[in-house]
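Quick notes on the structure that follows.
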Amino acid sequence: MKFTDQLQAAQRRADSMLCVGLDPEPGKFPGAWKGDASRIADFCAEIVNATKDLVCAFKPQIAYFAAHRAEDQLERLMAHIRRVAPDVPVILDAKRGDIGSTAEQYAREAFVRYQADAVTLSPFMGFDSIEPYQRYDGKGLILLCRTSNPGGSDLQAQTLANGDLLYEHIAKLAAGPWNPSGQIGLVVGATFPAEIERVRALAPTLPLLIPGVGAQGGDAEATVRAGWRGSAGPHGRQSSGPIVVNSSRAVLYASAGDDFASAARRVAGATRQTLNAAC
């Protein structure tokens, strides 16, 4: 199944726009696991088990694994997600942006080694930096467009010669000539709801991955109003322009005690409800 179809099916099944980001920091682990990097996969697996019916996607961030020489644990985690939540797509958050044979190897890493359903990419080097990933049929490519960090404006909000802001130009390319497979999405930060609305106008059907809700200060309701397009009916929400709203730290570290998994479930459930109420 293609990534966009898998995402839409997962959203309908779980009645959810929530993606849980898996950004494991051993120093924040609960109890006896605190500071123990060998427990990264175990910690993330407990979060997955507790939230798998509440989410439309999981998003492991590769740096949190690589920094602790835990790539083998990421492989184990990916296998665990496929086993216990086979219908939930997994977005590998890698933000790769190289070209040529190096990009080919990064694509192989994402889609062969880790068997991700989608990967985040930086389009700064142009179409050359995303084409190798498009050789993997049905896989999602989610391009940085208007990110939630303050420094994103240093480049993304600059005006080009044709009058477009840079992030607007990226959105137009992603919705048009760069997207023959129909599997491109865009990253747009929750801290910029007006820009979410602008990107949605330029790319009305593309999935939008929206980080920044929770710890980064993004407003969940404003995010949904700006980016979600669809209707709510007796058979659930039908979206012509899906959004995937990511929450990481607020869910992962909802409790520092042995109840961390159940606390994560409570926060994930409450976040899902808040997002749905804004439709």
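Roughly how many nanometres apart are two label points built 7 Å out from the Cα toward the Cβ at K172 and I99?
Distance between label points: 2.1 nm.
Using just the Cα positions, wrap segment 157-213 in a convex hull and report its mean projected area in square nanometres, one decimal place.
Across all orientations, segment 157-213 yields a mean hull projection of 3.9 nm².
Compare the peptides 38-45, 69-76, 205-212 by average per-residue count of other Cβ atoms within 10 angstrom and give them in order, highest first.
205-212, 38-45, 69-76
Find out how many positive minus negative residues lie around V188, taking Lys and Arg as positive, Asp and Glu as negative, among other residues whose Cβ is under 10 Å from that of V188.
Residues near V188 contribute +1 overall.
³J(HN,Hα) across segment 94-109 via Karplus (A = 6.51, B = -1.76, C = 1.60, θ = phi - 60°), whole Hz, x for Gly/Pro?
So the J values, rounded to whole Hz, are 10, 6, 5, x, 8, 10, x, 5, 5, 4, 4, 6, 5, 5, 4, 4.
When the Kirkwood hydrodynamic radius is evaluated over all pairs of different C-alpha atoms of segment 3-121, what value in angstrom, to one decimal, is obtained?
14.7 Å
Along the Cα→Cβ direction, 7 angstrom out, place labels at A157 and A32. What is the inter-label distance in nm?
Modelled inter-label distance: 5.0 nm.
Quick one: 3J(HN,Hα) in Hz for segment 187-202, Karplus 6.51/-1.76/1.60 with θ = phi - 60°, rounded, Gly and Pro as x.
So the Karplus estimates, Gly and Pro as x, are 8, 9, x, 5, 6, 10, x, 5, 6, 4, 4, 5, 4, 4, 5, 7 Hz.
What order do you get for 168-176, 14-22, 99-107 when each peptide is scored by the mean count of other beta carbon atoms within 10 Å, highest first?
Working: 168-176: 19.9, 14-22: 24.8, 99-107: 15.4.
By packing density, highest mean first, the sequence is 14-22, 168-176, 99-107.
Which three numbers, in whole Å and largest first, are the semi-axes of the equivalent ellipsoid of segment 84-146 derived from its Cα gyration tensor as √(5λ)? All intermediate terms of the calculation are to be shown ahead of the outcome.
Working: eigenvalues 77, 33, 16 Å².
Working through the eigenvalues yields semi-axes of 20, 13, 9 Å.
In Å and from the alpha-carbon atoms only, list the Rg and Dmax of the chain.
Final numbers for Rg and Dmax: 17.8, 57 Å.
Just how large is the dipole of the chain about the Cα centre, in debye to the nearest 20, putting +1 at every Lys and Arg Cβ and -1 at every Asp and Glu Cβ?
The dipole magnitude comes to about 500 debye.
Efficiency by 1/(1 + (r/R0)^6): what FRET value for R69 and R108, r their Cβ-Cβ distance, R0 = 30 Å, to the nearest 0.05?
Using R0 = 30 Å, I get an efficiency of 0.90.
Of the peptides 250-260, 138-148, 83-93, how do they stack up when ordered by the mean number of other Cβ atoms within 10 Å, highest first?
Descending packing order for the listed peptides: 138-148, 83-93, 250-260.
Here, each number is a calculation from the coordinates, and none is a lab measurement. Computed from a predicted model, the values in this text were never measured in an experiment. Neighbour counts run over all protein chains shown; Cβ positions are idealised from the backbone, glycine included.
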